[in-house]
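Take a look at the structure set out below.
None of the figures in this text is laboratory data; all of them are computed from the coordinates on show. This one's a predicted model, so the numbers in the text were calculated from it and none came from an experiment. Note: ideal-geometry Cβ built from the backbone for every residue, glycine included; neighbour counts use all protein chains shown.
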Amino acid sequence: MRIVVTCGPSAEPVDQVRCLTNLSTGSLGLFLSSAFARAGHEVRCFRGLRATAQQKSTASFSIVPFTTTDDLARELLALGQEQSVDALFHAAALSDFRVGSIEDEAGRTVSAGKLASDRPYRLILVPAPKLLLRFRALFPRTFLAGWKFEVDGDRAAAVARGEQQILAAQSDLCVVNGPAYGKGFGLLLQGGSLLPVADRESLAELLLEQLGRWEKVRRLQE
């Protein structure tokens, strides 16, 4: 099967030398890419240029770099037009915001290749597009998995946000994790079933298992 994995952070420019980004090493996405490749699948991993994790496995898969959310969107759109994608695991920690405008202390709009570092500025942040919400239209017959990393609240709240994501994105499952969820991962399926997962090795196995079940159903429907 042709599998796409996204991982690592995006970077949205503030000026020509500074950016907004997320704290993400990309290690989980690389690990999953290796696991899927070892299972015999054709894997393409889209990794944010600012990801610090390096590929250590001998498993063979291609890595495509991206910088901004728009960069990743263009790459995935081109891929979808080029060939079919059987599964897309969207683990990338894309920036939730981009800079709408920059103001000085007097409220005047500022534009510069490099903002002077000896004065304060006010950044007006606007929401960045949620790529996951666009994927079902781009890949209507693809197994789609999203991620929900939550910091505030408790496990119940994190799972509820994962359920909301599945409904909004029409995805097949959501991997829930982060301080709000607690240790390990939660594999949240359509319909609300939650499978606790202790570590990334178990996560890779369960994702492959869910993908296999989805493939069997797809074949029966064809």
Legend entry - Descending principal axes extents, region 4-133, alpha-carbon based, whole Å: 59, 30, 20
Inset, instruction - Rounded to the nearest 10 degrees, what's the angle between the helix 155-169 long axis and the longest principal axis of the chain, both from Cα atoms, 0 to 90? - result: 90 degrees
Inset, instruction - Only residues of region 104-118 count here: report those whose backbone N is under 16 Å from the spot 7 Å along Cα→Cβ of GLN16, or say none. - result: 111-117
Legend entry - Relative packing of peptides 114-121, 57-64, 17-24 - highest average C-beta neighbours within 10 Å first: 17-24, 57-64, 114-121
Inset, instruction - Mind ranking 75-82, 106-113, 88-95, 41-48 by how tightly packed they are, going by the mean number of other C-beta atoms within 10 angstrom, highest first? - result: 88-95, 41-48, 75-82, 106-113
Inset, instruction - Only Cα pairs under 8 Å and at least 6 apart count here; give the relative contact order of the chain as a rounded whole percent. - result: 17 percent
Legend entry - Segment GLN83-ALA156, extension gain: residue separation times 0.36 nm, minus the distance between their alpha carbons: 22.4 nm
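When N is the residue count of region 93-222, what does its C-alpha Rg come to as a fraction of 2.2 N^0.38 Å? Show your work: numbers first, answer last.
Working: Rg = 19.9 Å, N = 130, 2.2 N^0.38 = 14.0 Å.
In units of the globular-protein estimate, region 93-222 measures up at 1.42.
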Legend entry - Potential lengthening between GLN164 and ASP96 on full extension [0.36 nm per residue; Cα-Cα distance subtracted]: 22.8 nm
Legend entry - 222 nm mean residue ellipticity, helices alone, for the chain (DSSP H n ≥ 4; -39,500 (n - 2.57); rounded to 500): -10000 deg cm²/dmol
